[in-house]
Amino acid sequence: MRTHVSETIFFIDRESGLGLQAQLRETVVSAVVAGRIQPGAQLPSTRRLADYLRISRITVTLAYQELVAQGYLEAAGRSAYRIAGNPPGRAMENMRLPAGAQPVDWDSKVTMDFNVVRQVEKPLDWRRYPYPFLYGQMDPSLFDLNAWRDCARRALAREDFILMASDFAAADDVRLVNYICSRTLPRRGIHANPDEILVTVGAQNALWIVTRLILQNGSSAVCENPCHPDISASLLLSGARVTTIDVDAEGLPPDSLPEDVDAVVVTPSHHSPTGATMPIDRRVRLLQAATERDFVIVEDDYEFEISFLAPPSPALKSFDTTGRVLYIGSFSKSLFPGLRLGYLVAPAPFIRKARALRSLMLRHPPGHLQRTAAYFLALGHYDAVLHRMRMEYHARHIAMAEAFHREGLTIAGASAFGGTSFWMEGPKGLDADRLVQILRQDGVLVEPGSPFFPRSRAPCRFFRMGYSSIPRNSISEGVARVRAAIDAHF
């Protein structure tokens, strides 16, 4: 006797952002793969399901027809459909664990613990909070989505698609690399050839590759304090002995470097998280020390495009004449964080080794993404987006600074050329981690400073407040709520 599938297994979520047909297909595929619907089971007729869900009958028909094409359904009459006799994924049903089988003890199997430092947590549903002072998130109203879609369509043209669909075999998109050489790097005073550039999946990927190549157990590495958690983690996981050096108003002081050092990781143009800029004379001294003592400098040059108060200072790499600076850049901060496209600039012999290591990790970043970004950059959309961001971020920067002054909050650090955040210092006794939780209950999102101090376990009174994602008209009230929470609880 043929079984029938009840229409009650179907559910339409009109707020999900997923199309109606896609939701119908997902319901059927999930049920088939999970074994909740048996082969041969009759589905509700297109009319019956459409009436039940209050959607168009053609929507149900098209969803059913697509499932037939995919092999999940079989047509069984004018509007009748049933589950195929051998649908995709059905073989999984016959896989059963032996009686008494125990789950894997992954604590004993995994040989390395990657939770060496605390990460900055960003709630995935941050957009529902009225006062999101989160760093690194984007305001979609400032981005040209139509232009990005056009560039994505261009990247799917036949000639581009054939190239993109091929295995790059560890190579990168030529157009993107040429743009980085001809437009991006000259803005930082850097000259590089295509064989001196490696495209990466964000700056973190570049940092991981670099630390794997230049550090090992017993090496000596230096980073700033405070320091971005990703930098701390990458250095610690390399097995190197890590020395943290306190930054001052001019960034990392070269005179404080230990005698024995193999690599120094710095953010000289825009220290993370305080925003301090290392002056030229200090950069020269750092380069001189690297030459005299034979160590490598890793420069993370993030967010330099967001300059609206003053032009950003030249990159440390621009003063490098001996190839000792390994330069890391990213498009994720200036476009959108989910892009995950960065690049590494280094001497050609080093890039060859870095490319070989990357090919073992992920081959190359997705070709379509690289080509879409290349079109977006080359056609002028990137510069137009940056112009809008600078104008709006400048206004938000002013609004934030005025609100801080009005509420009596202390700015511990901010970029001299712009950026998208303020590094804040709370009163003595403030625990920023606790403050974050209190503010979240009041609709306010800020970031604790504790992850930036990996060697400290004491309560941290520093916190970061970004303005890339919060509407300008929400800043004043949000800052007032921060002040009120501090007064009420600390």
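The values are calculated or read from the model by the stated rules, or taken from the named source; none is laboratory data. Just so it is clear, the structure is predicted and the values come from calculations on it, not from any experiment. We place every Cβ from the backbone using ideal geometry, glycine too, and count neighbours over all the protein chains shown.
Worth pointing out:
- Where helices (runs of 4 or more DSSP H) fall entirely within segment 3-77, those with at least 2 residues that are among the basic types (Lys, Arg) are at 46-53.
- Filter result (assigned to a loop (DSSP other than H, G, I, E, B), farther than 17 Å from residue 341 by Cβ and not charged (D, E, K, R)) within segment 138-182: 156, 157, 166, 169
- Identity of the residue in segment 151-160, surrounded by fewer than 19 Cβ atoms within 10 Å (Cβ to Cβ) and touching a residue at least 60 places away in the same chain (Cβ under 8 Å), that ends up nearest to the chain's Cα centre (by Cα): 152
- Unique residue being over 30 Å from residue 125 (Cα atoms) and among the charged types (D, E, K, R) when the list is 15, 66, 26: 66
- Taking the numbered list (1) surrounded by 14 or more Cβ atoms within 10 Å (Cβ to Cβ); (2) closer than 19 Å to residue 36 by Cα in turn, residue 86 passes all entries but (1).
- Search result, residues across segment 332-376 that are assigned to a loop (DSSP other than H, G, I, E, B), of a type in the set (Gly, Ala, Ser) and either in contact with a strand residue (DSSP E or B) (Cβ under 6 Å, 6 or more places away or on another chain) or surrounded by fewer than 16 Cβ atoms within 10 Å (Cβ to Cβ) (or both): 346
- Test: residue in segment 408-420 that is in a helix (DSSP H, G or I) and out of contact with any Pro (no Cβ under 7 Å at 6 or more places or on another chain): no
- Of the residues making up segment 377-393, those that are exposed (fewer than 14 other Cβ atoms within 10 Å of the Cβ) and part of a helix (DSSP H, G or I) number 4.
- Residue that is modelled with pLDDT of 95 or more, under 17 Å from residue 475 (Cβ atoms) and of a type outside the set (D, E, K, R), where the choices are 436, 446: 446
- Total residues in segment 428-468, condition part of a loop (DSSP other than H, G, I, E, B) and among the charged types (D, E, K, R): 6
- Residue check, residue 371 touching an Asp or Glu at 6+ places or on another chain (Cβ under 8 Å), modelled with pLDDT under 95 and on the phi > 0 side of the Ramachandran plot: no
- Here residue 271 passes the criteria (1) surrounded by fewer than 21 Cβ atoms within 10 Å (Cβ to Cβ); (2) of a type outside the set (A, V, I, L, M, F, W, C); (3) part of a loop (DSSP other than H, G, I, E, B) except the one numbered (1).
- Filter result (surrounded by fewer than 23 Cβ atoms within 10 Å (Cβ to Cβ) and under 19 Å from residue 196 (Cβ atoms)) within segment 302-324: 314, 318, 319, 320, 321, 322, 323, 324
- Residue count for segment 138-155, restricted to those that are farther than 26 Å from residue 125 by Cβ and hydrophobic (A, V, I, L, M, F, W, C): 4
- Unique match (being aliphatic (A, V, I, L, M), closer than 30 Å to residue 387 by Cβ, outside the structural domain of residue 468 (by TED's automatic domain parsing) and not in a strand (DSSP E or B)) among 290, 276: 276
A quick yes/no check of all residues on (1) closer than 17 Å to residue 301 by Cα; (2) acidic (Asp, Glu); (3) at pLDDT below 95:
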position: 132; (1), (2), (3): no, no, no
position: 139; (1), (2), (3): no, yes, yes
position: 154; (1), (2), (3): no, no, yes
position: 188; (1), (2), (3): yes, no, yes
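- Any pair with Cβ under 7 angstrom, 6 or more apart, that starts in segment 119-138 at a residue that is closer than 10 Å to residue 445 by Cα and ends at one that is among the aromatic types (Phe, Trp, Tyr) and surrounded by fewer than 19 Cβ atoms within 10 Å (Cβ to Cβ): 132/126; 134/126
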